[in-house]
Each structure stands twice: as C-alpha cells, then as structure tokens.
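The values are calculated or read from the model by the stated rules, or taken from the named source; none is laboratory data. If you're wondering where the values come from, they're calculated on a predicted model, not measured in any experiment. Counting neighbours? That spans all protein chains shown, and the Cβs are built from the backbone with ideal geometry, glycine included. The area values use the complete protein model at the heavy-atom level, side chains included, leaving out ligands, DNA and RNA. Shrake-Rupley method; radii C 1.70, N 1.55, O 1.52, S 1.80 Å.
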Amino acid sequence: MSQHTETAIKCLRDEAASIEALIQHIDDNFDHAVNLILACKGKVVVTGVGKSGHIGAKIAATLSSTGTPSFFINPLDVFHGDLGVISHDDVVLALSNSGQTDELLRFLPYLLQQSIPVIGMTGNESSLLARHATVHLYAGVDHEACPLNLAPTSSTTAALALGDALACALMVARGFEAQDFAQYHPGGSLGRRLLTKATDVMQRENLPIISPDTTMGEALVTMSNGRLGLLIAMENNTVVGIVTDGDIRRAMERHREGFFDTTVADNMTRHPKCVSPDTKITEIEAMMNHHKIHCVLVMDADNHLQGIVDSFRTVV
C-alpha cells in the first residue's frame, strides 16, 4: 500500500469517526431546532464565513430542495445593506466551528433584539454563539483529518452531515414525498423520472401479439421480428398471457426435442404484470426489480392493452 493510499484511508476513517461521534450529541436541542424551523413562517437564512460559509451554502440548497425554503447570506454582506432580507418570520442558522467568528457575532445582537430565532451550529459549546443562540447544535470534532490538524476537514464534514440530518428530519416531519422532490427538480433527469408515467414512454405500435394456439416454432419468428424479447398472447382482444425469453428457456429444458411443437398456451405466463397508463416510471422500476422482470403491460381501465414498458428500451 502506497503512502498516498494510506493517507487517503486515514483521512476517510478520521472523518467517518467524526460523524459517528456526533450521534451522542443528537438530543433535545436537535428537536428544538427542527421545531423552530417547522414553525417558521418565513425562510431559513443560513450564514457562515469561509469554509463554514461553503458548508452553509450547501445546507441551504439541500433544505430548499427538500421542502424547507432557505437561502444563504454571507455575513460580510449583512453590513452593506443585505440585513434587510432577514424578516421577523425567518429563522437564522449560523455556522462557525469556533463559535467566535467576529462577522457573525456582530449582527447576532440585532437578531436577538428583533426576536429572530438563531440556531447556532458550532464545535465549541462555550462560545459566544453557542451561549447566545436560541438553540445550539454541537458539531465539534476531536481533531481535523488534515495531517497538520489545521485545515478544516473533519469539522466541515461533521457540519455538513449535521445539516443533512436536519434536512432529513424536516422531510420526515413534513411528510415530504418523491413527487414533492420532483417538483423542486423539474429540469433534471431525477425529476423527469419521478414525473414520467407509463403512457409517456410505452411502446404502442407493432406490439408482438400472437394467438395462444400458435406453435412455438412460429412464435419464435414473431418474437424475433418484434425485437422486444417477448410475446403477448391475446384471445378475443383480451390478454391471456405473455411469453418472455425466460419462459422459452425453461420450456426448452422441459420439452427438449418436442419444444417446437408445443403452443404458446403451453408455455406462457398466464398472469403477466400490468400497470395503468398513469403509473409512474419509478413505481414500475420498483415492480420490475421486485419481480425480477424487464417489462410490464400497460392496460386501461377496461383491461384493454395500451402498450408495453420495457426496461431495456425505456430511458428517462
């Protein structure tokens, strides 16, 4: 193992240990912080200087994308006109590892005077920010992962993880669901997957439909032409079964040389998995994974075949 690899492993272990050590500090103060934010009629204003500011900006982004309106403000800008963006309906989340950051402490009295709740996140329970905040969240670490124990590494990781814990607790408290998440991410691939329905991606044309009386020799030709790796057995405009690649392999093992003379009805799965046109793609993916299948049939309210959603060809 090289020196570089050893250093990397030590760094990751140190930071992981720092996060795990925070668990013992999750107490009533954490509950108080969550309740303050839940009761907030305005926004969560996150602030911090330097590396804490970078972490604060990420926490604000995570909160906003998970149902808690939030934004980041640099405390250096507060004294140049930006103080006006903070209202009485807001809650301030202030990050400082030392809890003694001058830029934060300079406008803390204003917040307290205006009865604006302050959640202080620090690594120093005796600091001014910890003592004067409405509620204090401890994010301290024994040492930095930095070989010199100087650069913010473990401390920033701990603060980031604690911010994520806060966001997760708020999501559960609000009953924030996947469809809510999609509304906050309409432009990304995740948002598209959460909003896309079966009707948006299903194959409607040239479906490989076949009679259940067809011999497997003929059926294989139809399956090959259909290029979906399956056949839909229909009788009197009603789906009676489905034949997949897996069904054919099992049938060949079972029937041996007599396979080609058997019929679709002899080998089909009689109760294929079906969904409605409005079923979300995420639900269909979960169904496919659970049943270890690669396709589902799309049926309307009258049980008429509308199309096929195939995992090998559906890209959202």
Among (1) within 16 Å of Ala130 (Cα to Cα); (2) in a helix (DSSP H, G or I); (3) in contact with a Phe, Trp or Tyr (Cβ under 6 Å, 6 or more places away or on another chain); (4) not hydroxyl-bearing (Ser, Thr, Tyr) - the single one Gly56 does not satisfy: (1)
Residues satisfying the stated conditions in the stretch 26-53, i.e. in contact (Cβ under 8 Å) with a residue 24 or more places away in the chain, of a type in the set (A, V, I, L, M, F, W, C), open to solvent by 20 Å² or more (accessible area, probe 1.4 Å) and not in a helix (DSSP H, G or I): Ile26, Cys40, Val49
Residue ID - farthest from Gly67 (Cα to Cα), chosen from residues in the stretch 1-11 that are without any contact (Cβ under 8 Å) to a residue 40 or more places away in the chain and assigned to a helix (DSSP H, G or I): Gln3
Subset of the stretch 250-270 that is surrounded by fewer than 17 Cβ atoms within 10 Å (Cβ to Cβ) and touching a Gly at 6+ places or on another chain (Cβ under 8 Å) - its residue that is nearest to Gly217 (Cα to Cα): Phe260
Pairs with Cβ under 8 Å, 6+ apart, first in the stretch 198-209 and at pLDDT 85 or above and open to solvent by 100 Å² or more (accessible area, probe 1.4 Å), second not hydroxyl-bearing (Ser, Thr, Tyr) and not in a helix (DSSP H, G or I): Arg204/Gln306; Arg204/Gly307
Yes/no for Asp90 being farther than 19 Å from Leu160 by Cβ and surrounded by fewer than 16 Cβ atoms within 10 Å (Cβ to Cβ): no
Out of Thr68, Thr62, sole residue that is farther than 19 Å from Ser155 by Cβ and not basic (Lys, Arg): Thr68
In the stretch 117-158, the residues that are aliphatic (A, V, I, L, M) and closer than 11 Å to Glu15 by Cα: Val141, Ala145, Ala158
Out of Asn97, Asn124, sole residue that is in contact with a helix residue (DSSP H, G or I) (Cβ under 7 Å, 6 or more places away or on another chain), open to solvent by 60 Å² or more (accessible area, probe 1.4 Å) and modelled with pLDDT of 90 or more: Asn97
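Here is a yes/no grid of residues against (1) of a type in the set (Phe, Trp, Tyr); (2) without any contact (Cβ under 8 Å) to a residue 40 or more places away in the chain; (3) farther than 23 Å from Arg204 by Cβ:
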position: Thr244; (1), (2), (3): no, no, no
position: Asp247; (1), (2), (3): no, yes, yes
position: Met252; (1), (2), (3): no, yes, yes
position: Glu257; (1), (2), (3): no, yes, yes
position: Thr262; (1), (2), (3): no, no, yes
position: Cys274; (1), (2), (3): no, yes, no
position: Thr282; (1), (2), (3): no, no, no
position: Asn289; (1), (2), (3): no, yes, yes
position: His294; (1), (2), (3): no, no, no
Subset of the stretch 102-121 [open to solvent by 30 Å² or more (accessible area, probe 1.4 Å), under 15 Å from Gly48 (Cα atoms) and in contact (Cβ under 8 Å) with a residue 24 or more places away in the chain]: Glu103, Leu105, Arg106
